[in-house]
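Chemist: Pasting a structure here, questions to come.
The values are calculated or read from the model by the stated rules, or taken from the named source; none is laboratory data. From a predicted model like this one, the values you see are computed outputs, not experimental measurements. Cβ coordinates were reconstructed from backbone atoms using ideal geometry, including for glycine residues, and neighbour counts include every protein chain displayed.
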Amino acid sequence: MNDAAATAPRKAALAFIFITVLIDVLSFGIIIPVLPHLVEQLAGGGIANAALWVGVFGTLFALIQFVCSPIQGALSDRFGRRPVVLLSNLGVGIDFLFMALVNSLPLLLIGRCISGATAASFTTANAYIADVTPAEKRAASFGMLGAAFGVGFIIGPALGGLLGGIHVRAPFYAAAVLALANFCYGWFILPESLPADRRSARFDWSHANPFGSLVLLRRYRQVFGLAAVVLLSDLAHYVLQSVFVLYADYRYGWGPQKVGYTLALVGLCNAIVQAWLVGKLVPRIGERRTVLAGIVFGGIGFACMALAGNGPVFLIGIPFLALWGLAGPSTQALMSQQVGPREQGRLQGAVSSLASVAGIIGPALFTQVFALFISNHAPIHLPGAPFLLSSFLLIVALLVAMRVTRSGAQEDVANRKPEIVTPGMPLAEVRANDGGHEQR
């Protein structure tokens with residue numbers, strides 16, 4: 001009876017977090033088709049000029065996320081997950097409304113900075129999952145968040161293109177409505193997942209700054225190694241955002257419609273893998289094997305895309321790339337199992353900062369490689385070189401993952417510092433928590 005009573009609130013909380021991430025991805029996906037056109041208008045016209053500014057917007061957004069993600073994670077460890085999630089939803093909604101109304105490029109740039117600062121609910125959502133989900137079920141729950149991302153990626157750009165045909169500002173208004181509705185829904189529905197006695201005693205800037213937050217990763221051998229896997233994987237993924245449209249047009253002559261259908265297929269396959277297959281596979285073969293298998297499939301998918309001489313062969317790589325989605329949730333689960341409850345938010349903030357680092361490096365890296373290997377100065381004409389680079393990055397990630405997951409968990413448990421025990425603290429929490437170094 002007690003188990004059933006505890007399961008119902010947990011399921012309700014997980015459902016809300018799923019909806020929160022889905023709406024976040026939807027709201028950002030909606031503006032993907034129209035933001036460059038709005039930038040072009042405010043920049044005075046010209047595709048080349050607009051492309052320059054879009055690059056600036058993307059890099060600045062990633063930089064802001066790099067700084068703010070660990071701050072949100074540390075705030076959630078100190079004050080709880082609920083207020084941080086709600087603040088993120090409110091800030092994103094107000095920001096989209098702001099961007100819908102501004103009439104100058106500097107103001108639009110300020111809007112994107114606000115988005116980068118507030119749109120880190122995925123960080124706190126991951127910490128929330130770690131709070132309310134048993135360790136053995138976290139991979140499946142993280143997979144559900146990945147599925148929310150996939151569904152949002154399918155629906156968002158399509159809806160944005162439809163609304164953008166009505167007016168270039170319409171998607172921004174729609175995104176604002178979605179985010180603010182999410183805030184209102186959460187205000188009345190979302191429970192707190194982190195009890196007061198499990199929160200950090202104080203907000204520590206040494207943990208909240210993006211570099212200080214990485215110290216947490218260094219304290220755990222397996223977590224630090226898996227963080228390298230996350231960084232390499234995130235970097236490899238940016239080939240799709242950076243050069244896929246250009247590559248498909250250059251090599252296969254695909255226009256916007258075919259590109260849109262292909263992206264929808266990618267999102268659909270990814271959602272199926274993360275929502276269904278992760279939960280089925282991890283209990284059978286474990287997180288470690290699931291991580292390794294996912295990375296192998298991702299490397300095969302990128303290699304297939306790089307070497308495909310025609311569009312149908314390129315499409316064969318999409319299911320392999322979707323199976324790469326097995327690795328992400330399982331990696332998150334392994335990392336969260338090595339960190340105590342008082343540090344889950346900082347862990348997810350540090351991981352989000354790594355993703356932001358990839359966002360700063362990736363676009364420039366892959367566009368430059370693509371430009372080089374289709375130019376007259378290329379050592380060999382190889383349009384698929386960026387995808388081969390992504391495949392190589394995943395090979396390196398595979399080697400790192402194989403090494404750190406072989407015995408890292410046992411070493412981390414042995415090296416943990418003793419926790420200061422508070423009255424009434426469950427013995428399981430005392431053993432799982434590495435918070436003894438904190439001032440209480």
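Chemist: For the condition closer than 21 Å to residue 155 by Cβ and either surrounded by fewer than 19 Cβ atoms within 10 Å (Cβ to Cβ) or small (Gly, Ala, Ser) (or both), what is the one hit in 264, 306, 227?
Modeler: One residue alone meets the criteria, 264.
Chemist: Looking only at residues in the stretch 117-140 that are surrounded by fewer than 24 Cβ atoms within 10 Å (Cβ to Cβ) and hydroxyl-bearing (Ser, Thr, Tyr), which one is farthest from residue 64 (Cα to Cα)?
Modeler: By that ranking, first place goes to 133.
Chemist: Same structure again: Taking residue 365 and the conditions (1) of a type outside the set (S, T, N, Q); (2) free of Cβ contacts under 8 Å to residues at least 24 places away in the same chain; (3) part of a helix (DSSP H, G or I), which numbered condition does it fall short on, given that it satisfies the others?
Modeler: (2)
Chemist: Still on this model: Within the stretch 322-338, can you find the residues that are hydrophobic (A, V, I, L, M, F, W, C) and surrounded by fewer than 24 Cβ atoms within 10 Å (Cβ to Cβ)?
Modeler: Hit for the stretch 322-338 is 323, nothing else.
Chemist: Still on this structure, I have one more. Of these, 52, 86, 75, which one is under 27 Å from residue 163 (Cα atoms) and at pLDDT 75 or above?
Modeler: The unique qualifying residue is 86.
Chemist: Would you check if residue 12 is at pLDDT 65 or above and within 24 Å of residue 128 (Cβ to Cβ)?
Modeler: yes
Chemist: Please state which of the following conditions residue 114 fails to meet, knowing it meets all the rest: (1) within 19 Å of the chain's Cα centre (by Cα); (2) surrounded by fewer than 24 Cβ atoms within 10 Å (Cβ to Cβ); (3) in contact (Cβ under 8 Å) with a residue 40 or more places away in the chain.
Modeler: Unmet condition: (3).
Chemist: Then there's this: In the stretch 170-193, what residues are crowded, with 18+ Cβ neighbours inside 10 Å and in a loop (DSSP other than H, G, I, E, B)?
Modeler: The answer is 190, 193.
Chemist: I've got another one for you. Under the condition of being surrounded by fewer than 17 Cβ atoms within 10 Å (Cβ to Cβ) and over 25 Å from the mean Cα position of the chain (by Cα), which residue from the stretch 343-373 is modelled with the lowest pLDDT?
Modeler: 371
Chemist: Considering (1) in contact with a Leu (Cβ under 7 Å, 6 or more places away or on another chain); (2) surrounded by fewer than 18 Cβ atoms within 10 Å (Cβ to Cβ); (3) in a helix (DSSP H, G or I), say which one residue 392 fails and leave the rest.
Modeler: (1)
Chemist: Just wondering, is there one or more residues in the stretch 208-219 that are at pLDDT 90 or above and either assigned to a helix (DSSP H, G or I) or touching a strand residue (DSSP E or B) at 6+ places or on another chain (Cβ under 6 Å) (or both)?
Modeler: Checking the stretch 208-219: not a single residue is at pLDDT 90 or above and either assigned to a helix (DSSP H, G or I) or touching a strand residue (DSSP E or B) at 6+ places or on another chain (Cβ under 6 Å) (or both).
Chemist: Taking helices (runs of 4 or more DSSP H) that fall entirely within the stretch 56-139, which contain at least 1 residues that are among the basic types (Lys, Arg)?
Modeler: Correct list: 81-101, 105-118.
Chemist: Another question, if that's okay. For residues that are more than 24 Å from the chain's Cα centre (by Cα) and at pLDDT below 80, scanning just the stretch 141-188, find the one that is nearest to residue 322 (Cα to Cα).
Modeler: Checked the stretch 141-188; the qualifying residue nearest to residue 322 (Cα to Cα) is 162.
Chemist: Pull out all pairs, ordered by first then second residue, where Cβ-Cβ is under 8 Å, the residues are six or more apart or on different chains, the first lies in the stretch 172-196 and is under 18 Å from residue 81 (Cβ atoms), and the second is of a type outside the set (Val, Ile, Thr) and in a loop (DSSP other than H, G, I, E, B).
Modeler: Within 8 Å, the pairs are 192/80; 193/80; 194/80; 196/80.
Chemist: Could you list, in sequence order, the residues of the stretch 302-329 that are free of Cβ contacts under 8 Å to residues at least 24 places away in the same chain and either closer than 18 Å to residue 150 by Cβ or assigned to a helix (DSSP H, G or I) (or both)?
Modeler: 304, 312, 313, 316, 317, 320
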